[in-house]
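Bear in mind that the values in this text are calculations on the coordinates, not laboratory data. These numbers come from a predicted model, not from an experiment. Using ideal geometry, Cβ is built from the backbone for each residue, glycine included, and neighbour counts are taken over all protein chains shown.
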Amino acid sequence: MRLVCFAVKEEAPAFRKLAGPQAGVATLVTGMGRRNAETAVRRFLASQSVELVLTCGFAGGLHPDLAPGAVVFETTDVELAARLAQADAKPAKIFCADRVAVTVADKQELRKSTGADAVEMESAAIQIVCRELKIPCATVRVISDAAGEDLPLDFNQLYRPDMSLDTGKLAWTIAKAPWKIPNLMRLQKRCQFAAEKLAGVLARTLELKHIGQ
């Protein structure tokens, strides 16, 4: 079994559609944040024999040269790194943060303090679990928002303590600032594009057969 993890459900459908029903490939939506990711992955690995884990999804760009749709990876496994590079992913330093990097200033500070090229919120926890269990693992992320752009909302204000999205608070926030709707729609379209780019890289890395069937 090869396990492909995503933080939120919006990241997964493009890969599931492209891969189709593949024997020996499982997808897991863990929920956002390190705690949710660790809990979900430990639970899955306790009941399944897994030979490879990919921790995937969206990431904010910190390196100014990374455009939306660029797929980056980080792994200590040499063979896995070679397969990802062949699939058109770029090696990068990826920082696992505790909150969403919303503004250009946030991203610049993270870039300065960590030297990272991209930022996300789950993979460090999954990498730790895989090291404990001696399972090859790679972080594979696609840039959804570039280093030089702000997100349209401060999403950190919209999550509950368990990191689930408070849809009521989201609706109220949008109702108070309807002029942000076009930017939110653009971000949604870009995330769909990014998810498709990521799905292609993952399918090539896993050498999936009958892609899209």
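At-a-glance table
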read-out: Sparsely packed GluC sites (Glu not before Pro) within region 1-60, loop by DSSP, other Cβ within 10 Å at most 10; value: GLU51
read-out: Virtual paramagnetic centre 7 Å along Cα→Cβ of LEU165, amide N under 18 Å, in region 63-107; value: 99-103
read-out: Gyration tensor verdict on region 85-145 (Cα atoms; rounded if a/c is under 1.5, prolate if a/b is larger than b/c, oblate otherwise); value: oblate
read-out: Disulfide-incompatible cysteines by the Cβ rule (no partner under 4.7 Å) in the chain; value: CYS5, CYS56, CYS96, CYS191
read-out: Folded to 0 to 90 degrees: helix 104-114 orientation relative to the chain principal axis, Cα; value: 40 degrees
read-out: Simple label model, 7 Å out from Cα along Cβ direction - ILE128 to ALA177, nm; value: 3.2 nm
read-out: Listed residues ALA46, ALA105, ALA26, most fluctuating in the chain (Gaussian network, C-alpha, under 10 Å); value: ALA46
read-out: Per-pair calculated FRET efficiency, R0 = 35 Å: GLN48 and GLN86 via Cβ, rounded to 0.05; value: 0.85
read-out: Global geometry of region 129-207, whether rounded, prolate or oblate, following the gyration tensor of its Cα atoms and the 1.5 cut on a/c; value: oblate
read-out: Gain upon complete extension [PHE193, GLU10; 0.36 nm per residue less C-alpha separation]; value: 64.7 nm
read-out: Computed [θ] at 222 nm, helices only, for the chain once each DSSP H run of length n ≥ 4 contributes -39500 (n - 2.57); value: -13000 deg cm²/dmol
read-out: Theoretical gain in end-to-end length, ALA26 to ASP77 [0.36 nm per residue, Cα-Cα removed]; value: 16.3 nm
read-out: Cα centroid separation, region 1-30 to region 100-115 (Å); value: 29 Å
